[in-house]
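Just so you know, all these numbers are worked out from the coordinates, no wet-lab data involved. Everything quoted here is computed from the prediction, not taken from an experiment. Using ideal geometry, Cβ is built from the backbone for each residue, glycine included, and neighbour counts are taken over all protein chains shown.
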Amino acid sequence: MKPGSTLDHQKHDAPMNIRLDPTATPFNLEHTLKCGQAFRWAKHGDWWYGVVSGKIIKLRQTPNKLQFETFPKKASINFVSRYFRLDDDLSHIYSKIDKDRHIHNAIRNLRGLRILRQEPWECLISYICATYKNIPAIRQMIFHLSKRFGKQMTLDNHDFYTFPTPKDLATASLQELKSCKLGFRAANISRTSQIIDHKKFDLEALENASYERAKRHLLSLPGVGQKVADCVLLFSTGKLEAFPVDVWMKRTMLKSYPDYFGKTFAEKASGITSISPSEYREINSFGRKYFGEYAGYAQEYLFACSRRRWQTAKHR
């Protein structure tokens, strides 16, 4: 923690409210924050807490509203609405992706799950961390990075940390980065942070580029492969046609849609616990063509539904 970087807040202002109409604006906070797309949200009692763009957001959902407060500065309703993509016409999106019993079941069980609009820099580093790691390990890496290089804030007796800036990570030594349990990812994060800090890559410009061009651009960064690029495009730049594929999604897609892949491909791919570049291209291409402009929503629903089934079976 940096000297003089602690902010403490125990006195509360009245929470602000975002009115929700379940028919016009389907939204489920629990599904959205527990599906694995973001890594810095935690629930304490009835409230969810997270750090977004340097602010702690504390919020909870009631049947007809989303209550929230932010610290250290007040955020507008628009700030929270934008983050949760409450402007997405989810009913319309469902009508476009609800093509078969598999996705229909996922929509029924996870209705109201929304893709987040995350800050691109944090999203990029988070998904470089995610390479070959499960969600608990990713959370730990991001926590250690934020604790070591970010600024501490305290709300309701809980400590939170801002996400490090590109300069924070660009000037850190490899040993300092490795102490955050990054392993081989430390070198990639260091090099990518230096590129961003030196203004040799414009993350903000990705939002206005086409999906194909934005992806090619992202793939030039150290530590960014196909899956990392698609996750960043989907979860931070609004490219809802992106369709990330990891081993989990590979299993889900081959099990749910075997007839859409050649028998040889399905047999070969199903027995492997990793995913090859050719397998990624095949499954990614199918997902994008089959589900269309909102393929990313279909991917997240299928992924979250599959993960939920696995967690339920694990605890039986």
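Identify all aspartates and glutamates with a Cα-Cα distance to LYS74 below 17 Å; exclude those on the same chain that are fewer than 8 residues away in sequence.
ASP8, ASP13, ASP156
When the chain is modelled as a GNM with alpha-carbon springs shorter than 10 Å, which of GLY54, GLY45, GLY292 fluctuates the most?
Result: GLY45 has the largest fluctuation of those listed.
Dipole size in debye (nearest 20) for the chain around its Cα centre, Lys and Arg Cβ +1, Asp and Glu Cβ -1?
With only Lys, Arg, Asp and Glu charged at Cβ, the dipole is about 700 debye.
Under unit Cβ charges (Lys, Arg +1; Asp, Glu -1), what dipole magnitude, rounded to 20 debye, does the range 120-236 have relative to its Cα centre?
Magnitude of the dipole: close to 440 debye.
Distance between the C-alpha centers of the range 115-194 and the range 212-268? Whole Å please.
23
Just SER193, SER274, SER126 to compare: in a GNM of the chain, with alpha carbon springs under 10 Å, which one fluctuates most?
With Cα springs under 10 Å in the chain, the top fluctuation among SER193, SER274, SER126 is at SER274.
Taking the Cα centre of the range 1-147 as the origin and placing charges on Cβ (Lys, Arg +1; Asp, Glu -1), which of ALA75, LEU90, TYR132 is farthest toward the positive end of the dipole?
So the residue we want is TYR132.
Placing +1 at every Lys and Arg Cβ and -1 at every Asp and Glu Cβ, with all other atoms neutral, what dipole size does the range 188-289 have around its Cα centre, in debye to the nearest 20?
Around 200 debye, computed over the range 188-289.
How high is the relative contact order of the chain, in percent, counting Cα pairs under 8 Å that sit 6 or more residues apart?
19
Take the residue pairs LYS65/LYS99; LYS96/LYS239; LYS34/LYS73; LYS34/LYS151; LYS147/LYS200; LYS58/LYS227 and return only those whose Cα atoms are more than 20 Å apart.
The answer is LYS65/LYS99; LYS34/LYS73; LYS34/LYS151; LYS147/LYS200; LYS58/LYS227.
Which of the lysines could a cross-linker span from LYS263 if the Cα-Cα distance has to be under 19 Å and same-chain partners fewer than 8 positions apart are dropped?
Correct list for LYS263: LYS250, LYS255.
As an exercise, identify the trypsin sites (Lys or Arg not before Pro) in the range 50-102 lying in DSSP coil whose Cβ has no more than 13 other Cβ atoms within 10 Å.
When the trypsin sites (Lys or Arg not before Pro) of the range 50-102 are filtered for loop state and at most 13 Cβ neighbours within 10 Å, LYS73, LYS74, LYS99 remain.
Extension gain THR171-LYS74, at 0.36 nm per residue separation less the Cα-Cα distance, in nm?
31.8 nm is the gain from fully extending THR171 to LYS74.
When the helix-only estimate is applied to the chain (DSSP H runs of n ≥ 4, each -39,500 (n - 2.57), divided by the residue count), what is the mean residue ellipticity at 222 nm, nearest 500 deg cm²/dmol?
Computed mean residue ellipticity for the chain: -14000 deg cm²/dmol.
Going through the range 109-148, which chymotrypsin sites (Phe, Trp or Tyr not before Pro) have at most 15 other Cβ atoms within 10 Å and a DSSP loop state?
TYR132
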